[in-house]
1. Treating cross-link reach as a plain straight distance, find the aspartates and glutamates whose alpha-carbon is under 16 Å from the alpha-carbon of Lys152, omitting any fewer than eight places away in the same chain.
2. Of all trypsin sites (Lys or Arg not before Pro) in segment 67-171, which ones are in loop regions per DSSP and have a Cβ with at most 12 other Cβ atoms within 10 Å?
3. Could you give the dipole magnitude of the chain about its Cα centre, charging the beta-carbon of Lys and Arg +1 and that of Asp and Glu -1, in debye to the nearest 20?
4. Which one of Asn7, Leu32, Ile86 is farthest out on the positive end of the charge dipole of the chain, using unit charges on Cβ (Lys, Arg +1; Asp, Glu -1) and the Cα centre as origin?
5. Translational diffusion coefficient, Stokes-Einstein: compute it for segment 70-162 using the Kirkwood radius over C-alpha pairs as Rh, at 25 °C and 0.890 mPa s, and state it as an integer in µm² s⁻¹.
6. Which one of Leu154, Ile104, Leu54 is farthest out on the positive end of the charge dipole of segment 28-171, using unit charges on Cβ (Lys, Arg +1; Asp, Glu -1) and the Cα centre as origin?
7. Only sites in a loop by DSSP and with at most 13 other Cβ atoms within 10 Å count here; which GluC sites (Glu not before Pro) in segment 83-144 make the cut?
8. Using a basic spin-label model with each label point 7 Å from the Cα along Cα→Cβ, how many nm lie between Asp105 and Val129?
Amino acid sequence: FSIQQFNRISPFFIILDKEMKVVECGSSIKKLMPLVSDSFFSDFFRLVRPTFDLPDFESISGFSNQLFVLECNNENKTLLRGQVEILKEEGLLLFIGSPWFKSIDDLSTNHLSFTDFSIKDPMIDMLNVLKTHEIVSNDIKEIIDSLNQQKKQLLKERKELQRLSLVAMAN
């Protein structure tokens, strides 16, 4: 694949050489941090899963069929979730992933937009569904609060009415 094709398929990719130096990275990764070619992987990322003391080419190669979670060394400590593939002929590692966000607000916090994701990436759809649920949940909470206030007001008015009834009966 060409770099342009990688950016269309998965703009959150990183290619590393045997020395764990960045050979190339996706356009959306560059938005998360100023990643430059020939920089060491460990200067920009921390491997959260699987855990290694000092991740090197050989140790990571042995885990190529597992979930990888990387933490970016940016201000937001953005998590990337993905997988690693070995490009044997070139002697390179390829990480293909996507940010692991909990809210649609994380997009703007990380200087990303919908167009920074590949078309096939379901993250945007899931974040939109999550936001819709959050809005509905907040609306329901407001309705419940309003009903509880109305209930308290009705009880207060009922007590006042009972008190006035007792005063009227006494007279």
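The values are calculated or read from the model by the stated rules, or taken from the named source; none is laboratory data. What you see is a predicted model, and the numbers here were worked out from it, not measured in a lab. Counting neighbours? That spans all protein chains shown, and the Cβs are built from the backbone with ideal geometry, glycine included. The accessibility values were calculated without ligands, DNA or RNA, using every heavy atom of the protein model including side chains. Shrake-Rupley method; radii C 1.70, N 1.55, O 1.52, S 1.80 Å.
1. Glu142, Glu160
2. Here the sparse-neighbourhood loop sites are Lys77, Lys88, Lys102, Lys120.
3. The calculation lands at about 1220 debye.
4. Leu32
5. Answer, rounded: 141 µm²/s.
6. With unit charges placed on the Cβ atoms, the residue in question is Leu154.
7. For GluC sites (Glu not before Pro) across segment 83-144 that sit outside H, G, I, E and B with at most 13 neighbouring Cβ atoms in 10 Å, the list reads Glu89, Glu90.
8. 2.2
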